[in-house]
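Have a look at the structure below before the remarks.
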Ligand SMILES: Nc1ncnc2c1ncn2[C@@H]1O[C@H](COP(=O)(O)OP(=O)(O)OP(=O)(O)O)[C@@H](O)[C@H]1O
Ligand SMILES: [Mg+2]
């Protein structure tokens, strides 16, 4: 394991991808981890805090994270504060590709990909996991040993709208999860995996 107080050196060779709010690197010595470094600024800091809060809630509630890359803790890097997450890798150890990649640039049948999302939507609803920024670069498609394929959410969970009082009311919360999921299903999955009204 990583020694405490050691600075993690994130060289360019470890860079995976960047979003609007952070840059993501492979951990140089821990294959199972990646490190996210937020961009400068208040907004990115707020976003990190909100994300960590939400993970904290999930940990406290003991939710199974089979579809979500877990948060593992902070670390210090040569680029500033870093946040460690489970790194999503395929059976051959390569970093899993995004849903966007599979929808736009791969030969894998789209219907086969869409099929993965009904269980994911149901999982989010059953476990009352809120999503606020689900898009096709926040989900990785993990190809496991034996051809098993799992969609893994790496970003965009939690409530980024600060009306958390709503969460007190389970019914409203479920409706909100459904609404947001269905918006994603229409935008990214051609209306596949939509959750029905009576669930
Ligand atoms: N746990 C992970 N394992 C492997 N790759 C990851 C992981 N988390 C993120 N990535 C890669 O890094 C990219 C950026 O990470 P992330 O989505 O967390 O950044 P962001 O700035 O918060 O994004 P956004 O623009 O959606 O707000 C992802 O699209 C994905 O390609
Ligand atoms: Mg993202």
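The numbers here are math on the coordinates, done by the rules we state, and not lab data. Bear in mind the structure is a predicted one, so any value in this text is a computation, not a measurement. Because the Cβ atoms are built from the backbone with ideal geometry, glycine has one as well, and the counts that use them run over all protein chains shown.
Go ahead and run the numbers for FRET between residue 94 and residue 196, Cβ-Cβ distance against an R0 of 25 Å, rounding to 0.05. Intermediate results must be reported in sequence, preceding the final value.
Values: r = 36 Å, r/R0 = 1.45.
Between residue 94 and residue 196 the formula returns 0.10.
If a/c stays under 1.5 just call it rounded; otherwise compare a/b with b/c (prolate if a/b is bigger, oblate if not). Do that for the chain, with a ≥ b ≥ c from the square roots of the Cα gyration tensor eigenvalues. Can you show the working numbers first?
On the way: a/c = 1.91, a/b = 1.25, b/c = 1.53.
The shape class here is oblate.
Could you sort the peptides 100-111, 124-135 by per-residue average Cβ neighbour count (10 Å cutoff), highest mean leading? Please report the intermediate quantities before stating the final value.
Numbers: 100-111: 12.9, 124-135: 17.4.
In decreasing order of mean packing, 100-111, 124-135 become 124-135, 100-111.
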Note to self: Please compute the contact order of the chain in relative form: average sequence separation of alpha-carbon pairs under 8 Å and at least six residues apart, divided by the residue count, as a percent.
What the structure shows: 18
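Exposure proxy check: 136, 94 ranked by fewest other beta carbons within 10 Å?
Working: 136 17, 94 9.
Ranking 136, 94 by Cβ neighbours within 10 Å, fewest first, gives 94, 136.
Multiply the residue separation of residue 70 and residue 50 by 0.36 nm, subtract the distance between their alpha-carbon atoms, and state the gained length in nm to one decimal.
Working: separation 20, 0.36 × 20 = 7.20 nm, distance 1.47 nm.
Full extension from residue 70 to residue 50 adds 5.7 nm.
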Notebook entry, point to check: Taking the Cα centre of each part, how many Å lie between the stretch 169-199 and the stretch 86-141?
Noted result: 16
Next item on the list: Evaluate the distance, in nm, between pseudo-label points positioned 7 Å from the Cα of residue 169 and of residue 128 along their respective Cα→Cβ axes.
Entry: 1.5
Next item on the list: Decide, for the stretch 26-109, between rounded, prolate and oblate: order the square roots of the alpha carbon gyration tensor eigenvalues as a ≥ b ≥ c, take rounded if a/c falls under 1.5, and otherwise choose prolate if a/b is larger than b/c, else oblate.
Entry: prolate
Notebook entry, point to check: Given the options 84, 180, 61, which has the most mean-square fluctuation in a GNM of the chain, springs set between C-alpha atoms less than 10 angstrom apart?
Noted result: 61
Checklist line | Virtual spin-label span in nm between residue 60 and residue 105, 7 Å along Cα→Cβ | finding: 4.0
